[in-house]
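Report on one structure; see the data block that follows.
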Amino acid sequence: MFDVIEFLYFLVALVIALTVHEASHALVAYYLGDPTAKLKGRLTLNPLKHLDVYGSLIFLLTQRIGWGKPVPVNPGNFKSPVRDSALTALAGPASNFILAFAVVLPWKYVGVYMPDAFLKIFQYVFHVSIFLGVFNLFPFPPLDGSKILGLFIPRRWHAIYAKYLTFGVRYFVVIILVDVFILRDFFGFSFFYYAVSFLHEWISAILFLGT
């Protein structure tokens, strides 16, 4: 049975995690010399600046897939385009793991004294942040992991890698649609859900037990 209250908690947590994720891209890009995101008003924690209208509507309709507004980055402004693009991309998932660490501390140590609503939000932010961070580390464009991959690609293969970043998006869209709407619905198995859930369990345990 669909629980509206739980879904609202999830939405609040998703907006918080997504906002921190995108703002971190903008912050690191600006620090590394690219002011594009700042000039576009993306160096902010205002969630309205980071939500994509179509991505948000599709998520509300499907409750499975959606997307935020990508942060504009101009690699030409970086001293080392491949390295700095990778660091800018890494900032998103890293910020999600840092956010998860930040909320697990009050949840673990003073959660029993919090109002139920506050505790719920902390718990949802913790789990959603980890899911978002892990998912974005997959090396498929347009996910952050595809740009982080550039750190490990030999220079002689950069032309092929550039084509992968450009044309790989269409294949990823097909893969994710098949995985989410066919494999999961008809066969009860989703590769991405399984992989993300597995990594989420480990990271959650490390953060929760290690604090």
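Here are some notes:
- Test: residue in segment 29-37 that is closer than 29 Å to residue 119 by Cα and aromatic (Phe, Trp, Tyr): no
- Screening 93, 81, 139, 72 for residues that are without any contact (Cβ under 8 Å) to a residue 40 or more places away in the chain, closer than 28 Å to residue 31 by Cα and under 13 Å from the mean Cα position of the chain (by Cα) leaves exactly one candidate, 139.
- Candidates 187, 122 - the one that is under 20 Å from residue 205 (Cα atoms) and of a type outside the set (Gly, Ala, Ser): 122
- One residue from 33, 66 being over 16 Å from the mean Cα position of the chain (by Cα) and either buried (at least 18 other Cβ atoms within 10 Å of the Cβ) or not hydroxyl-bearing (Ser, Thr, Tyr) (or both): 33
- Members of segment 17-74 that are part of a helix (DSSP H, G or I), among the β-branched types (Val, Ile, Thr) and closer than 21 Å to residue 147 by Cβ: 19, 20, 28, 36
- Selection of segment 178-192 for residues being within 19 Å of the chain's Cα centre (by Cα) and touching a residue at least 12 places away in the same chain (Cβ under 8 Å) yields 179, 180, 191, 192.
- Residue in segment 180-191 that is part of a helix (DSSP H, G or I), at pLDDT 90 or above and buried (at least 17 other Cβ atoms within 10 Å of the Cβ) present: no
- Taking every residue in segment 38-65 that is under 18 Å from residue 27 (Cβ atoms) and pairing it with any residue that is of a type in the set (Gly, Ala, Ser), at least 6 positions away or on another chain, the pairs with Cβ-Cβ distances below 6 Å are 42/26; 43/26; 43/37; 45/23; 49/41; 50/68.
- Residue among 198, 167 that alone is among the aromatic types (Phe, Trp, Tyr), exposed (fewer than 12 other Cβ atoms within 10 Å of the Cβ), closer than 26 Å to residue 89 by Cβ and under 18 Å from the mean Cα position of the chain (by Cα): 198
The values are calculated or read from the model by the stated rules, or taken from the named source; none is laboratory data. As the structure is a prediction and not an experimental result, all values here were calculated from the model. Neighbour counts run over all protein chains shown; Cβ positions are idealised from the backbone, glycine included.
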